[in-house]
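Trainee: Handing you a structure now.
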Amino acid sequence: MNNKKSSEPAYKVKGVDLLFLQKNETPLESVLLSAIHLPSKQPRRYFDLEAMEALTASIRQKGVLQPLLVRPKGQDHYELVAGERRYRAAKEARLETVPVIIKDFSDEETFEIALVENLQREDLNPLEETEGILDLLSLKLNQSREAIISLFHVVSHPERESANNVIHSDEWKVVLEAFNIIGKFTPNSFRTNRLPLLNLPKDILEYLQQGKIEYTKAREIARIKDDSQREELLTVAITEKLSLNQIKERIASIKPAVTKTTSEKSALYQSRLKAISAKAKKTKVWDDSKKTQKFDKLLAEIEKLLAEE
């Protein structure tokens, strides 16, 4: 039994749906929602509950006004390419059929369209953007995410021969083409503003993934090394909706206490070392070979410890 149903020509095709479609290649069809499945890899993982509830209510009342973009996957089955929010809301609204555009995309095109759609509509949080772009480049270049990150770091040192080799390579041409399609970043701005997000503390990453804090604020709070102080400011920043300047002010108020404590420790140890040095000048311990060997061993450990700075 074919699950396609006739469609009405009232739907509009817009946004990313036009990115890979020609005007004469946009036939609209209506298919069973149960015949559409999500791809195994999607750039988006977090969905704002309030926004989804509002979209679901709208779809219950008016239906899906913009068609989903799908590709065929077996007989009368399809994989979603673009329109995941509409797809999820339609399922929640218990629709039987939805309008679709069917096109036979490759794996690379499928992921690229899904990523660009979300970037154009600003549906991704900064961490999802970062990971999505890296995954797209991994797919295009058939390399690991770590290898892609390495390319960015190599290019950031133009004075080196290795950077020059990468800049003039076919790999880097693919990177530039991808960013040209994405349109939101340059490779350099992506490296400086987005890649550092991958190294944020776990507690901050979780809130960033959920869209509860902006990445600029997250990066600022991550400068606090003390876990308890960082978690406390993170909670306050979210609950009280602190601005970036307010966060910086609070961090500045924390720093003097940390600096003072470090300074006090330094002064204490230097005082102890001076006292030891004064005693060493007067002691007769040097007449005892066993004590001298022990002193020499302890002194060597101190010298080694200081050399690790």
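The values are calculated or read from the model by the stated rules, or taken from the named source; none is laboratory data. Computed from a prediction, not measured in an experiment: that's the story for all the values here. Backbone-built Cβ (ideal geometry, glycine too); neighbour counts: all protein chains shown.
Trainee: Which residues, taken from segment 55-97, are outside any loop (DSSP other than H, G, I, E, B), over 32 Å from the mean Cα position of the chain (by Cα) and touching a residue at least 24 places away in the same chain (Cβ under 8 Å)?
Mentor: Passing the criteria: Arg60, Thr97.
Trainee: Specify which of the listed residues (Glu171, Glu146) is under 28 Å from Glu214 (Cα atoms) and either surrounded by 13 or more Cβ atoms within 10 Å (Cβ to Cβ) or out of contact with any Pro (no Cβ under 8 Å at 6 or more places or on another chain) (or both).
Mentor: Every option except Glu146 fails the conditions.
Trainee: Please go through segment 283-309 and give me each residue that is surrounded by fewer than 10 Cβ atoms within 10 Å (Cβ to Cβ), acidic (Asp, Glu) and either in contact with a Phe, Trp or Tyr (Cβ under 6 Å, 6 or more places away or on another chain) or outside any helix (DSSP H, G or I) (or both), ordered by number.
Mentor: Glu308, Glu309
Trainee: Any chance segment 140-148 includes a residue that's closer than 26 Å to Lys241 by Cα, out of contact with any Leu (no Cβ under 7 Å at 6 or more places or on another chain) and hydrophobic (A, V, I, L, M, F, W, C)?
Mentor: The answer is no; no qualifying residue exists.
Trainee: Residues in segment 182-202: is at least one in contact with a Phe, Trp or Tyr (Cβ under 6 Å, 6 or more places away or on another chain) and of a type in the set (Lys, Arg)?
Mentor: Yes, segment 182-202 contains a residue that is in contact with a Phe, Trp or Tyr (Cβ under 6 Å, 6 or more places away or on another chain) and of a type in the set (Lys, Arg).
Here's the yes/no breakdown for (1) in a helix (DSSP H, G or I); (2) farther than 30 Å from Val236 by Cα:
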position	(1), (2)
Asn118	yes, no
Ala147	yes, yes
Leu151	yes, yes
Val174	yes, yes
Lys184	no, yes
Asn188	yes, yes
Ile204	yes, no
Lys212	no, no
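Trainee: While we're here: Do you know which residues across segment 233-256 are within 26 Å of Thr130 (Cα to Cα) and exposed (fewer than 13 other Cβ atoms within 10 Å of the Cβ)?
Mentor: Result: Thr235, Thr239, Lys241, Ser243, Asn245.
Trainee: Quick check, is Ile213 of a type in the set (A, V, I, L, M) and within 24 Å of Phe47 (Cβ to Cβ)?
Mentor: The answer is yes for Ile213.
Trainee: Would you confirm, using the coordinates I've provided, whether Arg230 is more than 30 Å from Glu117 (Cα to Cα) and either small (Gly, Ala, Ser) or surrounded by 14 or more Cβ atoms within 10 Å (Cβ to Cβ) (or both)?
Mentor: Judged against the criteria, Arg230 is a match.
Trainee: Can Glu129 be described as assigned to a helix (DSSP H, G or I), of a type in the set (Asp, Glu), surrounded by 21 or more Cβ atoms within 10 Å (Cβ to Cβ) and not assigned by TED's automatic domain parsing to the domain that holds Val64?
Mentor: Yes; evaluated as a whole, the condition is true for this residue.
Trainee: Quick check on this structure: which one of Glu159, Glu109 is more than 20 Å from the chain's Cα centre (by Cα) and assigned to a helix (DSSP H, G or I)? Explain how you work it out, then say what you get.
Mentor: On the way: Glu159 fails: assigned to a helix (DSSP H, G or I).
Exactly one residue qualifies, and that residue is Glu109.
Trainee: Here is a follow-up. Any idea which of (1) at pLDDT below 90; (2) under 16 Å from Thr130 (Cβ atoms) is the one Val166 doesn't satisfy?
Mentor: (2)
Trainee: Right, here's the next one. Every residue in segment 186-227 that is among the hydrophobic types (A, V, I, L, M, F, W, C) and surrounded by fewer than 18 Cβ atoms within 10 Å (Cβ to Cβ), please.
Mentor: Hits for segment 186-227 are Leu195, Leu198, Leu205.
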